[in-house]
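The values are calculated or read from the model by the stated rules, or taken from the named source; none is laboratory data. Because the structure is a prediction, the values reported are computed rather than measured. Please note: Cβ atoms are built from the backbone with ideal geometry, for glycine as well, and neighbour counts cover all protein chains shown. Note: accessible area is taken over every heavy atom of the protein model, side chains too, but ligands, DNA and RNA are not part of it. Shrake-Rupley method; radii C 1.70, N 1.55, O 1.52, S 1.80 Å.
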Amino acid sequence: MSRMNEGEAAGGRRRQIMEIAAQIFARKGYRGTSMRDIGEAAGVLGGSLYHHIKSKDALFVELHHAALDAAEQQIAAAIDCHDDPWIRLEAACATLLDIQLDPHSLTMPMMNDFREVPEKVRVALIDRRDRFEQLFRSLVADLPLPAEFDRSIYRNLLLSQLNSAADWVRPGRMMPRDIAAQIVRVFRHDQRDPPVA
């Protein structure tokens, strides 16, 4: 096997291990997942796993960042074709709810599992989450809100609702886009009907 083929095979094997690890982290959380769990599920024995993965902490941070990168790209694509600031906000909310409420999503557990990680990992997760939230910071900055509204509080209340949706949304009652429309309507500062997309 040539060096290039060996590199491609190693890269493919690493991607496979990463996918398996993401599924285990999503199911068992950071604390409940061990490198042994990942190695056994991936069929990699002992120290061989460390040939592909530096550490559990580094692995979790990498997966978390990849999850937020994917979510950010989806949201950016959803809002890109709209000009009205309320429609852009609704599109962003609907996309984030799609991610948060998908029972097979690996993104949601990665985005929300901050409680059990070591401090060094938490700092890295919060830094990346803050950069992700810049997208919503920009969306909220464009809204025609009254001057007395604190946009930081507004944004944090909105994101709290979206990020906890899996805890309060009943499956099958409404589609994510319908829930997003309701949330944005509640968060509008006036009683006018929202513009039609």
Could you list, in sequence order, all residues of the stretch 44-63 that are open to solvent by 60 Å² or more (accessible area, probe 1.4 Å) and assigned to a loop (DSSP other than H, G, I, E, B)?
Leu45, Lys54
Contact list, first residue from the stretch 133-155 and among the hydrophobic types (A, V, I, L, M, F, W, C), second anywhere and open to solvent by 40 Å² or more (accessible area, probe 1.4 Å), beta-carbon distance below 6 Å, six or more apart or interchain, is Leu139/Arg88; Val140/Arg151; Leu145/His189
Helices (runs of 4 or more DSSP H) within the stretch 64-152 that include 3 or more residues open to solvent by 30 Å² or more (accessible area, probe 1.4 Å)
85-101, 119-141
Select from the stretch 170-190 the residues that are assigned to a helix (DSSP H, G or I) and open to solvent by 50 Å² or more (accessible area, probe 1.4 Å) and list them in ascending order.
Arg177, Asp178, Gln182, Arg185, Val186
Is it the case, given these coordinates, that Asp167 is assigned to a helix (DSSP H, G or I), open to solvent by 80 Å² or more (accessible area, probe 1.4 Å) and free of Cβ contacts under 8 Å to residues at least 24 places away in the same chain?
yes
Members of the stretch 26-43 found to be more than 18 Å from the chain's Cα centre (by Cα) and open to solvent by less than 30 Å² (accessible area, probe 1.4 Å), listed by number
Thr33, Met35, Ile38, Gly39, Ala42
